[in-house]
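Everything below concerns the one structure shown next.
The values are calculated or read from the model by the stated rules, or taken from the named source; none is laboratory data. Predicted, not measured: the structure shown is a model, and the values here were computed from it. Please note that ligands, DNA and RNA were not included when accessible areas were found on the heavy atoms of the full protein model with its side chains. Shrake-Rupley method; radii C 1.70, N 1.55, O 1.52, S 1.80 Å.
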Amino acid sequence: YYPFCGNSNDISNNNRDLTNSGAVLTTDRNGNSNSAYYFDGASSYLESQSFPTNISSYTFSAWVKSYGFQNDDGIVQQTGLTSSGGTGGSFGISCFNSKPNGRHRDNTFLLEAVNGNILNNNWIHLVSSWDGNNLLFYQDGNLVDSKIVTTSTSFLDIFRIGCVPVWYGSGCFSGSNF
């Protein structure tokens, strides 16, 4: 769990602190200083490279204030590497065509996505959840899209906030806060 209280430390007992790569602390949705991060849209992100996960189900949740999306920006994403250095699957919250979405990519690069609504420069709560059969996407507590997805992924050990891993292209969340 990452409350962003002046740092990117995990306050659960899992000890999965995030390494900061250029993200800047800023004010959160409640007006608290140093309780959210600003991402520059070019290269800033938070990351853990030792983040084992339960791949039979997952839920990602983020409060986001966007000043505009590029295509394929990573908001919160879990990714794995193959022996050749490419991705071995991924899932999380991203965006495409100016809309946030929940993504589930299996080991064959088959991408399944559920889409949200265009953001309007206000704070918004996004949730992507997969129970092994259904991929669900919520925006401000409302279910906005769902899809049956039964494919699985391999072990995914890289967790990022603010930017997808470099082998996907730029994919950095543009001028946004968490």
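Points worth noting:
- The solvent-accessible area of ARG16, taken with every protein chain present and a 1.4 Å probe, is close to 60 Å².
- Distant-in-sequence amide contacts of CYS95, defined by a placed amide H-H separation under 5 Å and a gap of 5 or more residues or a different chain, comprise ASP72, ASP73, ILE75, ASN101.
- Residues LEU136, LEU110, LEU126 ordered from highest to lowest accessible area at a 1.4 Å probe: LEU110, LEU136, LEU126.
- Amide H contacts under 5 Å for ARG16, placed H, 5+ residues apart: ASP10
- When TRP130, TRP63, TRP123 are compared by accessible surface with a 1.4 Å probe, the order from highest to lowest is TRP63, TRP123, TRP130.
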